[in-house]
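Colleague: This is the structure, below, for whatever I ask next.
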Amino acid sequence: MTRRLEASKALITGASSGIGAATARALAGQGAAVAIVARRKERLDQLTQEIGAAGGRALPIEADITDQAQAVAAVKRAADEFGGLDIVVNNAGVMLLGPAVDAPTAEWDQMVRINLLGLLYVTHAALPHLLAAAESGPRRVADLVNVSSVAGRVTRVGSGVYNLTKHGVGAFSDSLRQEVTRRHVRVSVIEPGAVATELATHLRPEILAQMRQRLGNVEMMQAEDIADAIEYIVSRPRHVAINELLIRPTEQEF
């Protein structure tokens with residue numbers, strides 16, 4: 001059976017767990033070579049072995065994308081190793097919720113650095129490769145997928161700065177889409193609702209307890225559900241672009 005992404009070359013940030021790791025497995029399973037980028041090298045090495053054992057190809061790249069030099073170097077290494085890039089998935093992110101009054105502003109700094117600056121650094125470095133792939137690569141189209149959140153369209157008390165960063169991802173993505181879409185670089189934003197990943201484990205205990213009370217009866221999505229949606233986005237025919245995809249658990253109301 002023909003794999004839909006044979007000969008594609010992808011880079012995925014935040015790939016050491018959760019949605020990033022699941023996306024790496026999904027794209028590799030469809031024939032893409034995947035550069036997996038994160039800070040936890042041991043996790044990357046384990047995922048590389050797993051993908052290799054399944055017949056895929058993965059390149060582990062240890063990097064902190066909030067450092068622009070490291071982000072640029074990660075993109076360059078992937079492009080050099082693979083001979084280009086035609087898929088980039090900006091998945092790295094952090095969700096640190098809580099009231100704005102008396103908030104530890106270090107949490108705000110961390111969300112801005114990872115959710116916005118890291119995404120911007122990787123995108124800026126990757127765009128020349130995506131444009132080149134769209135012009136002369138095997139698919140004649142390239143994909144940039146930015147992982148946002150339902151928080152990128154719905155605000156909530158105690159989520160102000162997280163809302164800020166995810167609304168920013170959506171705004172940047174649509175502006176960039178308008179800039180490059182006629183050059184066949186498709187820019188997509190995906191907005192997951194509640195997903196069972198490590199994201200919530202970074203919350204302060206009292207905030208985590210509130211979240212569990214709010215979502216306790218909801219059957220949450222799995223990382224593989226979002227990876228499946230990303231695989232769908234990047235495997236559309238050249239003339240079809242999925243610009244925005246909001247995906248929630250069936251039982252999640254907002």
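Colleague: Checking Q213 against (1) at pLDDT below 95; (2) surrounded by 15 or more Cβ atoms within 10 Å (Cβ to Cβ), which test does it fail?
Modeller: So Q213 meets the others, but not (2).
Colleague: What are the residues in the stretch 1-55 that are touching a Gly at 6+ places or on another chain (Cβ under 6 Å), more than 26 Å from A200 (Cβ to Cβ) and in a strand (DSSP E or B), if any?
Modeller: K9
Colleague: Still on this model: Scan the stretch 42-63 residue by residue and report those that are crowded, with 17+ Cβ neighbours inside 10 Å and at positive phi.
Modeller: Correct list: empty.
Colleague: Within the stretch 159-207, how many residues are under 30 Å from L131 (Cα atoms), in a helix (DSSP H, G or I) and of a type in the set (D, E)?
Modeller: 2
Colleague: Is it the case that some residue within the stretch 32-41 is touching a helix residue (DSSP H, G or I) at 6+ places or on another chain (Cβ under 9 Å), farther than 19 Å from F172 by Cβ and surrounded by fewer than 20 Cβ atoms within 10 Å (Cβ to Cβ)? Step through it out loud before you land on a result.
Modeller: Initially, the stretch 32-41 is screened for residues touching a helix residue (DSSP H, G or I) at 6+ places or on another chain (Cβ under 9 Å), giving 32-38.
This time we only want the ones that are farther than 19 Å from F172 by Cβ, so: 32-38.
Okay, now just the ones that are also surrounded by fewer than 20 Cβ atoms within 10 Å (Cβ to Cβ), so none.
So far as the stretch 32-41 goes, no, none of its residues is touching a helix residue (DSSP H, G or I) at 6+ places or on another chain (Cβ under 9 Å), farther than 19 Å from F172 by Cβ and surrounded by fewer than 20 Cβ atoms within 10 Å (Cβ to Cβ).
Colleague: Now a separate question. Among the listed residues T201, T197, T250, identify the single one that is without any contact (Cβ under 8 Å) to a residue 24 or more places away in the chain and β-branched (V, I, T). Steps first, answer last, please.
Modeller: Values: T197 fails: without any contact (Cβ under 8 Å) to a residue 24 or more places away in the chain; T250 fails: without any contact (Cβ under 8 Å) to a residue 24 or more places away in the chain.
After applying the criteria, what remains is T201.
Colleague: Right, another one. Which of the residues spanning the stretch 152-172 are more than 17 Å from V94 (Cβ to Cβ) and without any contact (Cβ under 8 Å) to a residue 60 or more places away in the chain?
Modeller: Correct list: T155, V157, A171, F172.
Colleague: Filter the stretch 90-144 down to the residues that are under 30 Å from R238 (Cβ atoms) and assigned to a loop (DSSP other than H, G, I, E, B) and list them by number.
Modeller: Of everything in the stretch 90-144, those that are under 30 Å from R238 (Cβ atoms) and assigned to a loop (DSSP other than H, G, I, E, B) turn out to be N91, A92, G93, G137, P138, R139, R140, V141.
Colleague: Could you check how many residues of the stretch 92-129 are touching a residue at least 60 places away in the same chain (Cβ under 8 Å) and more than 15 Å from the chain's Cα centre (by Cα)?
Modeller: Matching residues across the stretch 92-129 total 4.
Colleague: Is it true that E206 is surrounded by fewer than 15 Cβ atoms within 10 Å (Cβ to Cβ), farther than 24 Å from T250 by Cα and at pLDDT below 95? Lay out the reasoning, then the answer.
Modeller: Working: surrounded by fewer than 15 Cβ atoms within 10 Å (Cβ to Cβ): yes; farther than 24 Å from T250 by Cα: yes; at pLDDT below 95: yes.
Judged against the criteria, E206 is a match.
The values are calculated or read from the model by the stated rules, or taken from the named source; none is laboratory data. This one's a predicted model, so the numbers in the text were calculated from it and none came from an experiment. All Cβ positions, even for glycine, are placed from backbone atoms using ideal geometry, and neighbour counts span all protein chains on display.
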